[in-house]
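Novice: Following this message is one structure expressed as structure tokens.
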Amino acid sequence: MARSTCEVPRFSATTPAREESPDLFTNVLNSPAAKRAGLFRALSPEFPMSTMNDFRGEARPLDDIDLPRIGHRIGVGEDEVHAVMDVEAAGGAWDARGRPKMLFEPHRFWKNLGPGPKRDAAVSAGLAYPSWGEKPYPKDSYPRLQQAMAIDETAALKSASWGLGQVLGENHVMVGHDTVQSMVLALLDDSEVHLEQMIAFIMSARLDGKLRAHDWSGFARGYNGPQYAKHGYHTRLAAAYVRWAKIRDTAWSPDTILLPPPQAEPLPPAVVKEEPPAMVPNAGTADAPAPPVVVNKDLTPVEATHKANQGALGASLGSGGVGGGIVYLWSLTSYFPAEWAADPQAVIVLTSLSGSLFSAIGAWVAAYRARDKRFQTAEPA
């Protein structure tokens with residue numbers, strides 16, 4: 001867990017702690033989780049944090065770029081950040097139900113309650129005792145936290161270690177929050193906030209130099225407490241760092257510029273062509289009506305085909321008749337041999353061939369005229 005080793009937090013100059021009253025919000029976040037819960041009414045005692053959707057929000061995971069980007073603030077790479085995350089929270093920010101990973105610590109609840117009837121009630125319920133390790137921790141700490149919050153909300157939230165960095169709620173000012181409620185609410189939606197709080201605590205506790213130097217014992221003493229060696233906190237940090245150092249880092253540099261996603265350019269507005277209004281003759285005057293507006297209209301493929309078919313049919317009938325007449329006249333002259341002109345079958349064959357030739361020529365001319373815009377009919381608009 002993250003504990004403070006300095007008497008004066010580094011953030012105290014900019015975010016002074018306020019006097020808090022139990023079971024009452026003194027600060028409201030503009031986070032998505034806060035908005036969903038309607039926490040703008042949170043200053044009312046009738047809206048305690050225990051109703052905050054079972055501590056569940058959007059639970060977004062870390063992006064690969066978050067580790068080197070945020071670690072750069074204290075001059076470390078993602079391997080050092082991974083090592084702390086692995087030892088504190090097994091590398092993950094959320095439990096199986098999408099809540100921030102949390103460990104409720106009864107010995108801190110004992111201290112935060114102080115002497116009085118609230119502590120007596122907590123001791124009777126098995127929620128508080130004076131020394132660490134008197135009883136084993138349950139697998140899920142949230143039920144005990146809810147019971148403790150029923151006794152004193154602020155003291156209970158302060159007595160738990162929260163999120164990816166397992167920052168103790170008592171240290172909310174060190175991570176930039178006026179109240180522990182504000183600190184916890186900020187953790188409900190995005191793992192990036194967990195990492196931000198972890199790095200903020202390391203900076204506030206002045207442990208960044210020890211992490212940069214890989215002074216695992218010095219870092220463990222400040223981050224986990226004076227009894228860190230009993231459970232090998234420092235050796236687990238060193239082993240996790242060695243493991244991550246063998247893995248290729250995410251490509252990132254401080255000069256990287258994160259560009260916004262491209263936005264589709266809006267289409268230009270449609271231009272509507274306005275035709276001049278027709279002149280309407282006034283009553284009792286000799287004003288003439290406006291001339292009709294003639295528009296050259298392109299034919300559709302169906303119209304063009306229909307027009308070509310009509311032209312071809314007319315050309316076939318006309319040219320067939322004309323061709324037949326020409327052949328008949330030729331047969332009466334000396335252009336054909338006398339035996340052809342005297343043979344009716346020869347005249348019929350020549351008439352048919354001539355008609356077919358003129359029909360083909362007429363059909364081609366009709367189709368050509370249908371495709372050529374110069375021969376399209378202008379129609380009134």
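The values are calculated or read from the model by the stated rules, or taken from the named source; none is laboratory data. Just so you know, these numbers come straight off a predicted model, no measurement behind them. Every residue, glycine among them, receives a Cβ derived from its backbone with ideal geometry; neighbour counts consider all protein chains shown. The protein model used for the area step is the full one, side chains on, heavy atoms only, and it has no ligands, DNA or RNA in it. Shrake-Rupley method; radii C 1.70, N 1.55, O 1.52, S 1.80 Å.
Novice: Any idea how far apart ARG73 and SER253 come out in nm if each label point goes 7 Å out from Cα toward Cβ?
Specialist: 2.3 nm
Novice: Take the cross-link list LYS111/LYS135; LYS101/LYS246; LYS118/LYS139 and give me the ones stretching past 19 Å between alpha-carbons.
Specialist: LYS101/LYS246; LYS118/LYS139
Novice: OK, next. In whole percent, what relative contact order does the range 133-219 give with Cα contacts below 8 Å and a gap of six or more residues?
Specialist: Relative contact order, the range 133-219: 20 percent.
Novice: Something else about it: So between LYS139 and HIS231, what do we pick up on full extension, going 0.36 nm a residue minus the alpha carbon distance?
Specialist: Extending this stretch completely gives an extra 31.3 nm.
Novice: Measuring with a 1.4 Å probe in the full set of protein chains, what accessible area per residue, in whole Å², belongs to the range 154-200?
Specialist: Details: 550 Å² over 47 residues.
Accessible area per residue: 12 Å².
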